[in-house]
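**Student:** Would you mind keeping the following structure in view while I ask a few things?
The values are calculated or read from the model by the stated rules, or taken from the named source; none is laboratory data. Small disclaimer: the values here were computed from a predicted structure and weren't measured. Cβ placement follows ideal geometry from the backbone for every residue including glycine, while neighbour counts extend to all protein chains displayed. When the accessible area is computed, the model is the full protein with side chains, heavy atoms only, and any ligands, DNA or RNA have been set aside. Shrake-Rupley method; radii C 1.70, N 1.55, O 1.52, S 1.80 Å.
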Amino acid sequence: MKWDIFLAPYSQAVDELKIKLKGMRKQFDYESRHSPIEFVTGRVKPITSIVDKAKRREIPIPKIEEEVQDIAGLRVVCPFVDDIYEVVDMIRARQDFDIVEEKDYIEKNKESGYRSYHVIISYPVETIHGEKRILAEVQIRTLAMNFWAINEHSLNYKYSGQMPSDVTQRLKNAAEAAFRLDEEMSKIRKEIRDAQEFFRRKKD
Ligand code: 0O2
């Protein structure tokens with residue numbers, strides 16, 4: 001497998017999608033409107049993680065392209081839960097890629113406690129040999145969900161997937177606490193927005 005050649009279109013897709021999604025945020029700023037996007041990140045999955053995932057799922061190398069959907073990964077982090085659905089609607093309305101699948105781990109969180117909304121897209125990359133469509137995963141989550149997921153991911157790495165049961169339970173509790181924080185923040189959202197508007201006007 002020539003990984004450099006294989007990964008080149010994924011890398012291009014991540015770069016392009018980062019610009020496009022960050023562009024959405026900027027447009028809200030230009031119009032002085034509350035942005036449902038706090039920040040955007042993106043990465044190409046490291047080769048070792050691609051190979052590990054393929055082994056775990058018994059995916060043969062030629063099928064990786066089709067079956068590992070998150071080689072190109074984008075993350076959109078939002079202040080509030082409602083913002084996630086606003087971002088999903090904006091993604092659905094776009095004409096520059098197609099949605100292949102949506103996974104709502106917010107309505108139904110994963111066993112670990114993980115919450116996020118995933119949109120799998122088919123993205124056309126222009127290459128010197130013509131158009132190549134690749135799959136990319138856009139994870140949309142709140143700041144609180146992101147905080148939880150980053151910490152859980154590090155712990156999983158530390159324990160190589162063999163997490164002690166007390167840590168697993170604490171993480172589940174923490175996931176519920178993060179979700180309650182999101183709910184409370186949503187309730188006082190109008191006050192927070194008014195305060196942000198007040199500071200913006202003062203700064204101008
Ligand atoms: P990494 O290291 O982030 O790249 P499926 O066949 O649909 O059940 P699949 O294809 O793995 O499984 O998709 P899924 O479950 O939607 O997960 C895709 C990615 O979402 C993961 O990639 C993680 O980034 C994130 N994710 C899913 N579940 C969890 C979780 O319990 N905790 C955390 N922290 N992140 C999660 P990778 O390849 O697993 O990992």
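**Student:** With the contact rule set at Cα under 8 Å and sequence spacing of 6 or more, what percent relative contact order holds for the range 1-109? Spell out each step's value before the answer.
**Tutor:** On the way: 84 pairs, mean separation 32.2, N = 109.
After rounding, I find 29 percent.
**Student:** Also, quick follow-up: Measuring from centroid to centroid over Cα atoms, what is the spacing of the range 1-22 and the range 150-177 in Å?
**Tutor:** Between the Cα centre of the range 1-22 and that of the range 150-177, the gap is 30 Å.
**Student:** Then there's this: So, for the range 108-204, what is the accessible surface per residue at a probe of 1.4 Å, expressed in square angstrom? Don't skip to the end; give the middle numbers.
**Tutor:** Values: 6400 Å² over 97 residues.
Using a 1.4 Å probe on heavy atoms only, each residue of the range 108-204 averages 66 Å².
**Student:** Nearest 0.05, what FRET efficiency do residue 57 and residue 194 give at R0 = 41 Å with Cβ-Cβ as r? Kindly include the intermediate steps, with their values, before the conclusion.
**Tutor:** Details: r = 48 Å, r/R0 = 1.17.
E between residue 57 and residue 194, to the nearest 0.05, is 0.30.
**Student:** Between residue 150 and residue 2, what FRET efficiency follows from the Cβ-Cβ distance if R0 is 35 Å, with the result rounded to 0.05?
**Tutor:** Result of the calculation: an efficiency of 0.65.
**Student:** Could you order peptides 2-8, 21-27 by the average number of other Cβ atoms within 10 Å of their residues, highest first?
**Tutor:** Values: 2-8: 11.7, 21-27: 15.0.
Averaged packing, sorted descending, gives the order 21-27, 2-8.
**Student:** How many percent of the accessible area of the range 1-125 is carbon or sulfur, using a 1.4 Å probe?
**Tutor:** 49
**Student:** Rounded, prolate or oblate: which fits the range 4-137, taking a ≥ b ≥ c as square roots of the Cα gyration tensor eigenvalues, rounded meaning a/c under 1.5, else prolate when a/b beats b/c? Display every interim value, and only then the final one.
**Tutor:** Values: a/c = 2.17, a/b = 1.33, b/c = 1.63.
The shape class here is oblate.
**Student:** List the trypsin sites (Lys or Arg not before Pro) within the range 73-146 that fall in a DSSP loop (any state other than H, G, I, E or B) and whose Cβ has at most 10 other Cβ atoms within 10 Å. Don't skip to the answer; put the middle values down first.
**Tutor:** Numbers: sites: 75, 92, 94, 103, 108, 110, 115, 132, 133, 141; in loops: 94, 108, 110, 115.
Taking the range 73-146 and a limit of 10 other Cβ atoms within 10 Å, the loop trypsin sites (Lys or Arg not before Pro) found are 108.
**Student:** How large is the accessible surface per residue of the range 1-70, computed with a 1.4 Å probe and reported in Å² as a whole number? Spell out each step's value before the answer.
**Tutor:** Working: 4460 Å² over 70 residues.
With the other protein chains kept in place, the range 1-70 gives 64 Å² per residue.
**Student:** What is the ratio of the Cα radius of gyration of the range 140-204 to 2.2 N^0.38 Å, with N the residue count, to two decimals? Before the final figure, lay out the partial values.
**Tutor:** Numbers: Rg = 16.8 Å, N = 65, 2.2 N^0.38 = 10.7 Å.
The value comes to 1.56.
**Student:** What is the set of long-range amide H partners of residue 142 at a cut-off below 5 Å, with H atoms built 1.01 Å from backbone N?
**Tutor:** The list, which skips near neighbours in sequence, is 78.
**Student:** Just need the relative contact order of the chain here, percent rounded to a whole number, with Cα pairs under 8 Å and 6+ apart. Walk me through the numbers before you get to the answer.
**Tutor:** Values: 265 pairs, mean separation 39.3, N = 204.
Reported relative contact order: 19 percent.
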